[in-house]
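First the structure, in the form of structure tokens, and then the observations on it.
Each value in this text was obtained by applying a stated rule to the coordinates, not by laboratory testing. These figures come from a predicted structure and were not determined experimentally. Cβ sites come from the backbone with ideal geometry, for glycine too, and all protein chains shown count toward neighbours.
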Amino acid sequence: MTTGSLPFYLLILITLIVFYVSKDMKFKQWILLLASLVFASYYSITSVVTVTLMSILNFYYAKYAIKGGNYTYTKLVVINTINIASLLLLRKLIDLGFNSLTTFSQGFSNTSIVILGIGFYTLQNVAYQIDVYKKRFAPETNLVGYILANAFFARVTMGPVMNIQAFNKQLATLPVKFTEENFTLGVQRILIGSIKKLVIAERLTFTVNYLFDDPHGSQHGYSVLVAGLLFTVQLYFDFSGYIDIALGTSRLFGIQLKENFNMPFRSTSISEWWRRWHITLIEWFTQYIYYPLAYKLRHARTTATLVAIACTFFVSALWHGLGITYIIWGLCHITYLIAETLLKKQTMALQKKTNPALYAMIFTPITIALVCFSHLFFRSADLSHATRMIYVLFDFKNFWPDISFSQWLMNGGDDFETSFNLRFGVFLAILYLVFEKRILNTYSFGRYRVAWFTFLTVVLVMLGVFDGASRFIYMQF
Amino acid sequence: MWYKVLSSLIISAGILWGAQRVAGFMMKRNPELKACHVTQTPVNAEILVHGSCEPEYMIDPDVIDSVTSLKTYNLASDHSDFADNFLDFYLYLKKQKDPRYLFLYVSPPAFDKNVSNIFQTFKYVSFMDDPVVYYTVKENDPYFTTVSNIPFVRFSYYSHFTMSKIAWGAGSFMLNSHSEPKHPNGFRPPIPRANNPLNEFWSLMPEGGKYTWFDIREKYLRKIIELAQKHHIIVTLYESPAYFGNQPVPTNRGEFEEKIRRIANEYHVQYLKYDDLEMAKDPSNFFTTVNMTYKGAMEFSRIFATSINEKVIQKTNQQFLKHTHTSNAVVKQDKL
């Protein structure tokens, strides 16, 4: 059972009925927790055991550490070492032996997830301990709510990463009545998320996998260029599609999760990209790594910023995986952001002088190109494959494929089926990106509109790719 | 609110149902799908060659025409298994005149559970209203059959394959409703390759591997033979040469061949094998273990045509003449 699959929706339906029949808040929380554990058990019993044990450990640790009014730094280091070691041991090191989840392709090709969402809820537990230590929040008193904050089935798989306290606050005010607003906003988000995943991302999957995983896939600079761009688009629609489904599902239960994307393809710089892409993760890294480091090194000014950027993205790369390809991906972004910081005055001056539309026309493609370049490392199976792609990309003598322009226009040198799916997928992706702002505006409209919902349903059913659409890319993290 | 939700569901279902009818109509007009082509355009062959990629890439019906003087059509399609072959054959017989001969490619790997050829549901989505197609699809792809009851999902479920085929069919219908397929006689010559990828193919083969018998394949092989015999079509099973080079042959290949022979004997049909041909020893004739290059395919087509002419067609004609002669003699004697 994956998010967005038929059994997932059946689970939602059953949970919704029981949830709204009951008037008792505690019972509602238990229902959500039970549904979440059922969902996790579909992946593995280890997932259920791990999320429960890690939650109980963190819940009681914070409670007892603060009890004597003496939550020391050593205590914080101990619990967060346990949290991070669990993540490394359970997700990475054990997987080295059993599943080889070390690189993107290997991880993506695996059909089973050993421990669902551990990367995401570990961040939440670490943040919780820091917040309690720093006395930003009092320790949680509701164990069911704590486990639910980590295991909630709508978001356990791939986030969004959220503060446990912020999530639990909403559990205290769960809705008693099934309102039109919650239904409309929830179903609309689910439909749009499903369209992003099944109509657009899935249609690009075949070509992306071929270009990255097949030895004959990327033979020319042009195909490497297409590979980088297509993967970035696929990743966006796959991941943001999941987030939409997660937000929509939560909304049906009256829970509001944090937004994770904000039109990243309109960014004019890498720093803006990171303010629009995987927002909750970057907020976490900013709050718990970047700010403390920048504060500690504040006497060094620019150096402090640069060191903080470097450390933040290095940790982010390690969070994604222990493979060298992730580290190089992180280094790419460190380089981009350092260059951006050093050239900040010049770019700001240029931005002031230039017409905003013209500035966006020049810097948006540059930003996307830089991100796509880093994704060549992020998506490659191993370093040798990534370096081969980079070599091919810059081999200008061999840049264009050996086909005529008319042939390229006709089918891009592929068979009709492949080129049709690719071009149709790209067309739909462009269409979505053009109307993205308008679509985002509909997220706040809480009344059910027959024409709009009919349109979304027809588009999803008619254009969705349903076979094999089982895995989301970020599930492996 | 529920009234509005119900309204949008009913309207969506209506639109999707209409779209399903249009998509079915368009997909059937796609001449490149053999199942669709043979239900739309008269073929009326005397000889049918059938099976998966091996006959599709290797048997040129024009060569058989020239040797036997009988109109031949290649109904085979790549990646197909016996259930596909059964449905293609069933749909062919539904619209075309019964052929006299059916030559069906059968080989030990075709019964192997791990072979990449699988039932390709998407080819039959526009024929789901036919009960034989429906039950065959249901047996081979039960989950699809369940979800295909939702309007249009039968077309969108395998959207990767069906959308392009609907588009092609629509184009074909709008430009010329009787358009011919790219390969009118069904033979799809293998695309010439700069490098012979045979070595790459070998690297995928496990050493000392074994085939695993898949019962459902046997079931559909039997169904093809039974359907043909019900239509009085003379069935011949055959296996084209395979090139193993220095690679170890799967240890139970002989056992599988024996099983095929037993099935052939049970139905009194011939099982022809061509593995002792001289051309089977030349790697330049192959691009995989079982698929030949264009040069190899043309050479094998000639050998195959001559062989079936001698071993099947002439033999049947002689038997027919002998039978007619004997019958006439009996009639004459009776008259006397």
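Show me, for the range A:317-325, the HN-Hα J-couplings you get by feeding each phi into the Karplus relation (A = 6.51, B = -1.76, C = 1.60, θ = phi - 60°), rounded to Hz, glycine and proline as x.
4, 5, 4, 6, x, 7, x, 5, 5
Give me the Kirkwood hydrodynamic radius of the range B:30-74, using the inverse of the mean 1/r over all pairs of distinct Cα atoms, in Å to one decimal.
For the range B:30-74, inverting the mean 1/r across all distinct Cα pairs yields 11.2 Å.
What is the diffusion coefficient of the range A:301-447 in µm²/s, taking the Kirkwood radius over Cα pairs and the Stokes-Einstein relation at 20 °C with a viscosity of 1.002 mPa s? Mind dumping the intermediate values first?
Working: Rh = 19.2 Å.
Reported coefficient: 112 µm²/s.
Counting only other chains, what is the mean number of Cβ atoms within 10 angstrom of the Cβ of each residue in peptide A:414-423?
3
Tell me, what is the Rg over Rh of the range A:222-263, with Rh the Kirkwood radius over Cα pairs?
Radius of gyration relative to Kirkwood radius: 1.21.
I need the semi-axes of the equivalent ellipsoid of the range A:1-45: take the C-alpha gyration tensor, multiply each eigenvalue by 5, square-root it, list largest first in whole angstrom.
Three semi-axes, in Å: 20, 13, 5.
Determine Rg/Rh for the range A:251-344; Rg is computed over alpha-carbon atoms and Rh is the Kirkwood hydrodynamic estimate from the same atoms. Numbers along the way, then the final one.
Details: Rg = 14.6 Å, Rh = 14.3 Å.
Over the Cα atoms of the range A:251-344, Rg/Rh equals 1.02.
Cut-off 20 Å, label point 7 angstrom out along Cα-to-Cβ of A:Thr179: give me the residues of the range A:24-60 whose amide nitrogen falls inside.
The answer is A:24-26, A:28-29, whose backbone nitrogens lie closer than 20 Å to the label point.
Taking the simple approach of a point 7 Å from Cα along Cα-to-Cβ for both A:Asp214 and B:Asp129, what is their distance in nm?
3.7 nm
May I ask for log10 I(q)/I(0) of the range A:172-246 at q = 0.14, 0.28 Å⁻¹, from a Debye sum over the Cα atoms as equal point scatterers with solvent left out?
Computed log10 I(q)/I(0) values: -0.56, -1.12.
Just to be sure I understand: of the beta bridges DSSP finds with both ends in the protein assembly as shown, what percent are antiparallel, rounded to 5?
10 percent
Distance cut-off 23 Å, Cα to Cα: go down the list A:Lys197/A:Lys437; B:Lys123/B:Lys259; B:Lys182/B:Lys281; A:Lys258/A:Lys296; A:Lys26/A:Lys169 and report the pairs above it.
B:Lys123/B:Lys259; B:Lys182/B:Lys281; A:Lys258/A:Lys296
I'm checking a number: the convex hull volume of the Cα atoms of the range A:3-76, normalised per residue, in Å³. What is it?
Each residue corresponds to 111 Å³ of Cα convex hull volume.
So, how do all the Cα-to-Cα distances of the range A:414-477 break down into 10 Å bins, in percent, from 0 on up?
Spelled out per bin, shortest first, that is 15, 36, 37, 11, 1.
For the range B:137-190, I need the span (max minus min coordinate) of the C-alpha atoms along each principal axis, in Å, sorted largest to smallest.
35, 28, 17
Which number comes out as Rg/Rh for the protein assembly as shown once both Rg and the Kirkwood Rh are worked out on C-alpha atoms?
Here Rg/Rh amounts to 1.04.
For the range A:375-390, take each phi angle, set θ = phi - 60°, evaluate the Karplus expression 6.51 cos²θ - 1.76 cosθ + 1.60, and give the result in whole Hz per residue in order, putting x for glycine and proline.
Each residue of the range A:375-390 in turn: 5, 4, 6, 4, 8, 5, 5, 7, 5, 4, 5, 5, 5, 5, 5, 5 Hz.
Over chain B, what lengths in whole Å, largest first, do the semi-axes of the equivalent ellipsoid take, defined as the square roots of 5 times the eigenvalues of the alpha-carbon gyration tensor?
37, 27, 20
Of all alpha-carbon pairs in the range A:370-452, indicate the percentage at a distance above 22 angstrom. Show your work: numbers first, answer last.
Values: 1986 of 3403 pairs.
Of the Cα pairs, 58 percent sit more than 22 Å apart.
When N counts the residues of chain A, how does its alpha-carbon radius of gyration compare numerically with 2.2 N^0.38 Å, as a ratio?
Against the compact-globule rule of thumb, the ratio is 1.00.
Pairwise over distinct Cα atoms, reciprocal of the mean inverse distance: report the Kirkwood radius of the range B:1-105 in Å, one decimal place.
15.9 Å
Apply the Karplus parameterisation 6.51 cos²θ - 1.76 cosθ + 1.60, with θ equal to phi minus 60°, to every residue of the range B:259-264 and state each ³J(HN,Hα) to the nearest whole Hz, in sequence, with x for glycine and proline.
These are the phi-based 3J(HN,Hα) values: 4, 5, 4, 4, 5, 4 Hz.
Magnitude of the Cβ-charge dipole of the protein assembly as shown, K/R +1 and D/E -1, about the Cα centre, nearest 20 debye?
Roughly 3300 debye, rounded to the nearest 20.
Which FRET efficiency, nearest 0.05, do B:Val147 and A:His299 yield, Cβ-Cβ r, R0 51 Å?
Step by step, r from the Cβ atoms, then E = 0.20.
Taking just the alpha carbons, could you work out the radius of gyration and Dmax for the range B:218-297, both in angstroms?
Using the Cα atoms of the range B:218-297, the pair Rg, Dmax is 14.9, 44 Å.
What percentages, rounded to whole numbers, describe P(r) for the range A:199-295 computed over all alpha carbon pairs with 5 Å bin width beginning at zero?
Result returned by the calculation: 2, 12, 15, 17, 16, 15, 11, 7, 3, 1, 0.
Just the number, please: percent antiparallel of the DSSP beta bridges in chain B, rounded to the nearest 5.
Percent antiparallel among DSSP bridges in chain B is about 10.
Distance between Cα centroids, the range A:124-141 to the range A:302-368: provide it in whole Å.
Centre-to-centre distance over Cα atoms comes out at 31 Å.
Using just the Cα positions, wrap the range B:75-197 in a convex hull and report its mean projected area in square nanometres, one decimal place.
10.3 nm²
Just tell me how shielded B:153-161 is by partners: mean number of partner chain Cβ atoms within 10 Å of each residue's Cβ, no decimals. Before the final figure, lay out the partial values.
Details: counts 4, 0, 2, 10, 5, 4, 13, 12, 4.
So the per-residue partner count for this stretch is 6.
What is the calculated FRET efficiency for B:Met1 to A:Phe405, with r their C-beta to C-beta distance and R₀ = 56 Å, to the nearest 0.05? Could you put the intermediate results ahead of the total?
Values: r = 54 Å, r/R0 = 0.97.
Given R0 = 56 Å and the Cβ-Cβ separation, E is 0.55.
Using the reciprocal of the averaged 1/r over all distinct C-alpha pairs, how large is the Kirkwood radius of the range A:119-238 in Å?
So the Kirkwood estimate lands at 17.8 Å.
Among B:Tyr135, A:Val371, A:Leu148, which residue has its Cα positioned farthest towards the positive end of the charge dipole of the protein assembly as shown, with +1 placed on the Cβ of Lys and Arg, -1 on the Cβ of Asp and Glu, and the dipole taken about the Cα centre?
A:Leu148
Where the eigenvalues come from the Cα gyration tensor of the range A:203-246, what are the semi-axes √(5λ) of the equivalent ellipsoid, largest first, in whole Å?
24, 10, 6
Note down the nm distance, to one decimal, between modelled labels 7 Å out along Cα→Cβ at B:Glu226 and at B:Gln318.
Result for the modelled spin labels: 3.3 nm.
Given +1 on the Cβ of Lys and Arg, -1 on the Cβ of Asp and Glu, and no further charges, what dipole in debye does chain B carry about its Cα centre, rounded to the nearest 20? Mind dumping the intermediate values first?
On the way: 37 positive and 35 negative charges, 212 e Å.
Computed about the Cα centre, the dipole is about 1020 debye.
D for the range A:341-402, whole µm²/s, Stokes-Einstein with Kirkwood Rh over alpha-carbon pairs at 4 °C and 1.567 mPa s: what number?
91 µm²/s
Between A:Ala172 and A:Thr81, what is 0.36 nm times their sequence separation minus the Cα-Cα distance? Round to one decimal in nm.
Computed gain between A:Ala172 and A:Thr81 is 29.7 nm.
Could you compute the longest span of chain B free of trypsin sites (Lys or Arg not before Pro) located in DSSP loops and having at most 14 other Cβ atoms within 10 Å, not counting the site residues? Numbers along the way, then the final one.
Values: sites that count: B:Lys97, B:Lys113, B:Lys182, B:Arg193, B:Lys210.
In chain B, the maximal stretch lacking such sites is B:211-336.
At a Cα cut-off below 12 Å, give the aspartates and glutamates reachable from B:Lys4, other chains included and same-chain residues fewer than 8 away excluded.
Hits, sequence-local ones excluded: A:Glu180.
FRET efficiency for B:Ser284 and B:Ile191, Cβ-Cβ distance as r, R0 = 22 Å, nearest 0.05?
Working: r = 16 Å, r/R0 = 0.73.
Between B:Ser284 and B:Ile191 the formula returns 0.85.
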